[in-house]
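Before any comments, here is the structure.
The values are calculated or read from the model by the stated rules, or taken from the named source; none is laboratory data. It should be emphasised that the depicted structure is a prediction, and the values quoted were computed from it without experimental measurement. Ideal geometry is used to build each Cβ from the backbone, glycine not excepted, and the neighbour counts take in all protein chains shown. To get the accessible areas, we keep the full protein, side chains included, count just its heavy atoms, and leave off ligands, DNA and RNA. Shrake-Rupley method; radii C 1.70, N 1.55, O 1.52, S 1.80 Å.
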Amino acid sequence: MCLACNSKTFAPSRRSVLLGGLAALSASALPAFAQEHAAVSPDAALKRLVEGNARYVAGQRTNTDFSVGRAARALTQRPFAAILSCADSRVAPELAFDQGPGDLFVVRVAGNFVNDDGLASLEYAINFLETPLIMVLGHSNCGAVDAAIKVVRDGLALPGHLPDMIEPIRPAAEAALAQSPSDPLGPAITTNVQNAVTRLQTAEPILAARVTSGSLRIVGAQYDLETGQVALL
Ligand SMILES: [Zn+2]
């Protein structure tokens, strides 16, 4: 199965998949698509996110016609950034960074922590789609982190599978309660993002090697629900 294009044709390498996909584009679609989706450095990818967020905050989004490039996107994808975001409905990465379909590879889980499934998805983006940047995106007033604090501090018992969501956040909640017992939520959100960044940076064998070689950068950030602004941590 061709991992980069979801077809069942055998592909010898990821690069040939990408090049094959690009070569298959129509002559009219190729220039704009190739230019927009040419390989970018990790720093250039981060700059693109920062500039997109500035447009979003200012109410000047440019990615609003999602039919543009649809035919080209059907053949391949090359997202320039991967986002590990909370599942909170108020945090919408494509909107917050003013990007269109095909631009961002988004993995979402309440509490934006790293689990094996999410890590595998991110490895797919980095290994097969050559995405140069991962951003772990926490946000203000995160309910998942707040729940983890209540579990640790108050002994809150959660039903169903919800305890599985708490455990990965627990170390950040415990650290924040020790550091700032009267107002632990903000520090816990920040520490939880930093923990995820560290986990990804040291994830062998794929991500850690790419970080060491400089072809991948992993950053933490926080989305402010009130302003829409994303601040790098
Ligand atoms: Zn959240």
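Of the numbered conditions (1) more than 16 Å from the ligand (Cβ to nearest atom); (2) open to solvent by 10 Å² or more (accessible area, probe 1.4 Å); (3) at pLDDT 95 or above, Thr64 satisfies every one except a single condition; which is it?
Single failed check for Thr64: (3).
Being under 30 Å from Gly59 (Cα atoms) and outside any helix (DSSP H, G or I) is true for just one of Ala203, Ala231. Which residue is that?
Ala231
Across the range 129-159, which residue is nearest to the ligand (Cβ to nearest atom) among those that are open to solvent by 70 Å² or more (accessible area, probe 1.4 Å) and not aliphatic (A, V, I, L, M)?
So the residue we want is Asn141.
I'd like the full set of residues that are open to solvent by less than 70 Å² (accessible area, probe 1.4 Å) and of a type in the set (Lys, Arg), limited to the range 49-61.
Arg55
Across the range 189-233, what is the number of residues that are more than 25 Å from Ala120 (Cα to Cα), in contact (Cβ under 8 Å) with a residue 24 or more places away in the chain and not polar (S, T, N, Q)?
Looking only at that region, the number is 5.
Of the numbered conditions (1) open to solvent by less than 40 Å² (accessible area, probe 1.4 Å); (2) part of a helix (DSSP H, G or I); (3) of a type in the set (A, V, I, L, M, F, W, C); (4) at pLDDT below 90, Leu19 fails exactly one; give the number of that condition.
With (1) open to solvent by less than 40 Å² (accessible area, probe 1.4 Å); (2) part of a helix (DSSP H, G or I); (3) of a type in the set (A, V, I, L, M, F, W, C); (4) at pLDDT below 90 applied to Leu19, the lone miss is (1).
Give Pro101, Pro171 a once-over and let me know the one that is away from the ligand (no atom under 16 Å from the Cβ), touching a residue at least 24 places away in the same chain (Cβ under 8 Å), open to solvent by 40 Å² or more (accessible area, probe 1.4 Å) and in contact with a Ser or Thr (Cβ under 9 Å, 6 or more places away or on another chain).
Exactly one residue qualifies, and that residue is Pro171.
Give the range 67-98 a look and list any residue that's away from the ligand (no atom under 16 Å from the Cβ) and closer than 19 Å to Ile218 by Cα, or say none.
If the condition is that a residue be away from the ligand (no atom under 16 Å from the Cβ) and closer than 19 Å to Ile218 by Cα, then Arg78, Pro79, Phe80, Ala81, Ala82, Glu94, Phe97 are the ones that fit.
Going by the structure shown, is Ala87 among the small types (Gly, Ala, Ser), loosely packed, with under 15 Cβ neighbours inside 10 Å and at pLDDT 95 or above?
Here the answer is yes, as Ala87 does meet what is asked.
Scan the range 201-212 and tell me whether some residue there is buried (at least 16 other Cβ atoms within 10 Å of the Cβ) and within 19 Å of Ala110 (Cβ to Cβ).
Within the range 201-212, not a single residue is buried (at least 16 other Cβ atoms within 10 Å of the Cβ) and within 19 Å of Ala110 (Cβ to Cβ).
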